[in-house]
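Everything below concerns the one structure shown next.
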Amino acid sequence: MPGSVSLSRIKQIAVPVDSVDKAKTFYRDALGMKHLFDAPPALSFFDCGGVRLMLAGPEAQGKDGDKQHAVLFYDVADIKSTYAQIKAAGAPSLAEPHIIARMNGREVWIAELSDGQGNNVSLMSEVPEKS
């Protein structure tokens with residue numbers, strides 16, 4: 001069906017943790033994942049077979065941190081169009097598409113919707129930075 005959404009690739013998984021330092025030790029030493037970088041004060045990133053794992057400490061979890069679940073970030077080419085189509089299908093919007101970072105000549109965009117069951121459906125797109 002033209003214009004329909006088909007999410008098929010997970011780009012990143014966010015996992016809420018009580019202690020980023022303790023979690024970093026576990027994921028690096030016990031699970032053998034490659035540490036990529038930290039984003040102080042409360043984020044640490046690992047590579048898990050091409051999927052980025054983001055450990056989010058309490059400072060990064062917001063007001064409902066104690067109720068948070070892991071969040072899957074789906075990789076999409078056109079975040080604005082994909083977001084609009086999912087929203088039009090009835091998914092409640094949690095955050096419209098917006099830039100969260102610029103690095104290595106790329107813009108990192110995210111958007112969030114709800115599945116109606118208390119889980120975030122997050123979209124992520126990395127595109128060349130506009131001059």
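The values are calculated or read from the model by the stated rules, or taken from the named source; none is laboratory data. This structure is a prediction, so every number in the text was calculated from the model and none was measured. Ideal geometry is used to build each Cβ from the backbone, glycine not excepted, and the neighbour counts take in all protein chains shown.
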Of the residues in the range 26-49 that are among the charged types (D, E, K, R) and surrounded by 13 or more Cβ atoms within 10 Å (Cβ to Cβ), the one that is nearest to Met124 (Cα to Cα) is Asp38
Apart from one, (1) under 21 Å from Met103 (Cα atoms); (2) in contact with a helix residue (DSSP H, G or I) (Cβ under 9 Å, 6 or more places away or on another chain); (3) charged (D, E, K, R) all hold for Arg52; the odd one out is (2)
Per the list (1) buried (at least 17 other Cβ atoms within 10 Å of the Cβ); (2) assigned to a loop (DSSP other than H, G, I, E, B), residue check on Gly90 breaks on (1)
task: Determine, yes or no, whether Val5 is of a type outside the set (S, T, N, Q) and under 20 Å from Tyr74 (Cα atoms).
output: yes
- Task: Confirm whether Lys63 is of a type in the set (D, E, K, R) and more than 17 Å from the chain's Cα centre (by Cα).
- Result: yes
Taking the range 1-36 and keeping only residues that are outside any loop (DSSP other than H, G, I, E, B) and touching a helix residue (DSSP H, G or I) at 6+ places or on another chain (Cβ under 7 Å), one is left with Pro16, His35
Do we have Pro58 as loosely packed, with under 15 Cβ neighbours inside 10 Å, at pLDDT below 90 and outside the structural domain of Trp109 (by TED's automatic domain parsing) here?
no
Flagged in the range 92-116 as touching a helix residue (DSSP H, G or I) at 6+ places or on another chain (Cβ under 9 Å) and either assigned by TED's automatic domain parsing to the domain that holds Ser19 or farther than 30 Å from Ser19 by Cβ (or both), in numbering order, are Ser93, Glu96, Pro97
Only one of Val108, Val127, Val121 is surrounded by fewer than 14 Cβ atoms within 10 Å (Cβ to Cβ), part of a strand (DSSP E or B) and β-branched (Val, Ile, Thr), namely Val127
If you go through Ala84, Ala23, Ala14, the only one that is surrounded by 12 or more Cβ atoms within 10 Å (Cβ to Cβ), closer than 20 Å to Ile99 by Cβ and not assigned by TED's automatic domain parsing to the domain that holds Ala101 is Ala14
Being aromatic (Phe, Trp, Tyr) and without any contact (Cβ under 8 Å) to a residue 24 or more places away in the chain narrows Phe73, Phe46 down to just Phe46
